[in-house]
1. Go through region 116-132 and report how many residues are among the charged types (D, E, K, R) and surrounded by fewer than 16 Cβ atoms within 10 Å (Cβ to Cβ).
2. I'd like to check something: does region 48-67 contain any residue that is in contact (Cβ under 8 Å) with a residue 24 or more places away in the chain and not acidic (Asp, Glu)?
3. Please work out if His141 is in contact with a Phe, Trp or Tyr (Cβ under 6 Å, 6 or more places away or on another chain) and open to solvent by 30 Å² or more (accessible area, probe 1.4 Å).
4. Could you please tell me which pairs satisfy a Cβ distance under 9 Å, a separation of 6+ or placement on different chains, a first residue in region 20-41 that is closer than 23 Å to Ala106 by Cα and of a type in the set (S, T, N, Q), and a second residue that is open to solvent by less than 30 Å² (accessible area, probe 1.4 Å) and in a helix (DSSP H, G or I)?
5. What residue, among those in region 30-54 that are among the hydrophobic types (A, V, I, L, M, F, W, C) and surrounded by 11 or more Cβ atoms within 10 Å (Cβ to Cβ), is nearest to Arg90 (Cα to Cα)?
6. Among the residues of region 106-134, count how many are among the small types (Gly, Ala, Ser), over 14 Å from the mean Cα position of the chain (by Cα) and over 11 Å from Val21 (Cα atoms).
7. Looking at region 64-115 only, could you name the residues that are of a type in the set (Asp, Glu), over 26 Å from His39 (Cα atoms) and open to solvent by less than 60 Å² (accessible area, probe 1.4 Å)?
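The values are calculated or read from the model by the stated rules, or taken from the named source; none is laboratory data. In this text, all values refer to a predicted model and were calculated from it rather than measured experimentally. Neighbour counts run over all protein chains shown; Cβ positions are idealised from the backbone, glycine included. Surface areas here come from the heavy atoms of the whole protein model, side chains and all, with no ligands, DNA or RNA. Shrake-Rupley method; radii C 1.70, N 1.55, O 1.52, S 1.80 Å.
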Amino acid sequence: AADGAAPNAVESAAPDAVVAVSAPARWYYRGTAPMRRVHWAITRPTGRLVSRYGLRTRIDPRGWAVDPLSPVAAAPLIAPTPLLIVHGDRDPYFPLDHPRMLASAADPSATELWIEPGFGHAETAASPALLGRIADWAATHA
């Protein structure tokens, strides 16, 4: 805290900057074949069995008790914290309307959107150069 007292939970939990890579704009999206497979793995007993033993994932069979706030609804709440949205133009899970929806919902004065040519989905497609650029952005905005 500014007065030298111990920070409260809100002060200590606030990030200096937020980076979203290959993020969805809305929950339960099934518009691509990979996302339909993800939903099959989560919502069907056979899918959960295959996921648990074949893919070694842990999926809670109960699901969410209450749906969390949608990413589009959460985006404006991040301000004034700087937000970087990074998305590939070759993401097989989420098409370009997802990052654009997030950027449109967020505070334009604190948000940057990078559409990366040739980039697929998340960390499995991120090159060392892209990760370096993201790290540089985060260090600059922290």
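1. Total satisfying the criteria: 1.
2. Looking through region 48-67, none of the residues is in contact (Cβ under 8 Å) with a residue 24 or more places away in the chain and not acidic (Asp, Glu).
3. no
4. Ser22/His98; Ser22/Pro99; Ser22/Ala122
5. Met35
6. Within region 106-134, residues that are among the small types (Gly, Ala, Ser), over 14 Å from the mean Cα position of the chain (by Cα) and over 11 Å from Val21 (Cα atoms) number 6.
7. Asp107
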